[in-house]
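Take a look at the structure set out below.
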């Protein structure tokens, strides 16, 4: 598996999405900006990647796949550092312009983000160039109902954001907020992706991969389990989002977990709507789940993440 020389993937750990650089002579384009807590690191990574290229290209443009904090969190810092233009999916323009922190899930999930100004939008179905290649912006509702994926038919490359990973896809937030079209939309997105000719997938998280058919099969299997029992969507979301928040916090007192979960509107709503635990049982269930998966450890009364932020 070899990407064209004009593409460089900066693979990140959790909290930040991958950053994908496209070199276009004296200029470069970046897809997705990572989390705000990693913004200084993101700026340095991009500076280093640009400096390593012949001709010392500048970052002229930043394009997002969707609106979540781990993809747009570095936008403001990158714009300040490089003076780059920011281009967002057309469907998220209102929430970005008004900085609607509820719609952006910042307030609801107790995540952080810095406001930024965008310069242009990408419409679903449109074509544009990155790295000397032609890309199509394809609508990919499900994880984020306004998300786009970017597809290069000439090189059979898909930038999938969180619509497809090597082992699944991102949380289906719409389902958790009462949207009955979110699960069907996720299926339609996977079916659309399955009709593309794809040799390499650059996901929002994890390394680029070429086992496209197997990854798609795993994604459909995961979706089928959610369609059979929608409470699995809720349980998966709470586990994943709490792990994300803990990586940002770095530690949380074990005895404070019930109150913390109650204080985060997203967690409380999922529990009330789908899971039905008491506050104490909710915390006990989550603690047990994350200990079993080794996502956390408890030491001296503190809940600590086992992954690097």
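Read-outs: derived from the displayed coordinates by stated rules, not from any lab. Quick caveat, the model's predicted, so the values are computed rather than measured. Neighbour counts are summed over all protein chains in view; Cβ atoms, including those assigned to glycine, are modelled from backbone coordinates with ideal geometry.
Taking N as the number of residues in the stretch 82-163, what is its alpha-carbon radius of gyration divided by 2.2 N^0.38 Å?
For the stretch 82-163, the normalised Cα radius of gyration is 1.19.
Quick check on the stretch 8-57: what does the Kirkwood estimate of hydrodynamic radius come out to from the alpha carbon pairs, in Å?
Final number for the Kirkwood radius of the stretch 8-57 is 11.1 Å.
If you wrap a convex hull around the Cα atoms of the stretch 231-305, how much volume per residue is inside, in Å³?
It comes to 75 Å³ per residue, whole-number rounded.
Rank the residues 267, 116 as a footprinting-exposure proxy: fewest other Cβ atoms within 10 Å of their Cβ go first.
116, 267
If you take the beta carbon distance between residue 272 and residue 224 as r and set R0 to 25 Å, what does 1/(1 + (r/R0)^6) give as a FRET efficiency, to the nearest 0.05?
In this case the efficiency is close to 0.45.
Would you order 114, 71 from fewest to most other beta-carbon atoms within 10 Å of each residue's own beta-carbon?
114, 71
Tell me, how many Å apart are the Cα centres for the stretch 215-279 and for the stretch 1-67?
30 Å
What is the fewest-to-most order of 66, 143 by other Cβ atoms lying within 10 Å of their Cβ?
With the sparsest Cβ surroundings first, the list reads 143, 66.
Starting from the coordinates of the alpha-carbon atoms of the stretch 157-248, obtain the Kirkwood hydrodynamic radius over all distinct pairs and give the value in Å to one decimal.
One over the average 1/r among Cα pairs gives 13.7 Å for the stretch 157-248.
In degrees, nearest 10, range 0 to 90: what is the angle between the Cα axis of helix 39-51 and the longest Cα principal axis of the chain?
That helix lies at roughly 20 degrees to the long axis.
For the chain, set up a Gaussian network in which alpha carbons nearer than 10 Å are linked by springs, and say which option among 97, 29, 42 fluctuates the most.
Comparing 97, 29, 42 in the GNM, the peak value goes to 97.
For the chain, find the longest principal axis of its Cα atoms and tell me its angle to the long axis of helix 231-249, 0 to 90°, nearest 10.
Compared with the principal axis, the helix lies near 70 degrees.
For helix 212-228, what angle does its Cα long axis make with the longest principal axis of the chain, in degrees from 0 to 90 and rounded to 10?
Its long axis makes an angle of about 30 degrees.
What share of the DSSP beta bridges in the chain is antiparallel, in percent to the nearest 5?
Roughly 65 percent of the beta bridges in the chain run antiparallel, per DSSP.
Per residue of the chain, what 222 nm ellipticity follows from adding -39500 (n - 2.57) for every DSSP H run with n ≥ 4, rounded to the nearest 500?
One gets -10500 deg cm²/dmol as the mean residue ellipticity at 222 nm.
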